[in-house]
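Take a look at the structure set out below.
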């Protein structure tokens with residue numbers, strides 16, 4: 001077993017994340033009360049988990065979690081740090 005990784009892993013162009021700051025700012029304006037400023041990452045949730053949670057969390061929290069997931073999907077990331085995405089370039093775009 002090897003730990004070989006693709007050559008492009010971790011290599012990102014600045015254009016790849018163009019627009020993130022504006023979208024993150026809009027999300028914070030709308031859902032800021034749900035973001036706890038701890039310095040820890042905020043991770044996206046799988047879409048199937050969001051469907052399951054719809055009966056367990058209130059609608060505002062579900063909209064917030066869905067918005068975070070959609071933002072992460074657009075930028076091919078697994079989560080968000082306070083000021084940037086946590087990229088994972090091997091994530092396929094959501095169709």
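No lab work stands behind these numbers, since they all come straight from the coordinates. Computed from a predicted model, the values in this text were never measured in an experiment. Glycine gets a Cβ as well: all are built from the backbone with ideal geometry, and neighbour counts include every protein chain shown.
Given a Förster radius of 30 Å and the C-beta distance between residue 47 and residue 84 as r, what FRET efficiency does 1/(1 + (r/R0)^6) yield to the nearest 0.05? Write out the running numbers ahead of the final one.
Numbers: r = 23 Å, r/R0 = 0.77.
The formula returns an efficiency of 0.85 here.
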* At 1.002 mPa s and 20 °C, Stokes diffusion of the stretch 15-87 via Kirkwood alpha-carbon radius, µm² per second -> 171 µm²/s
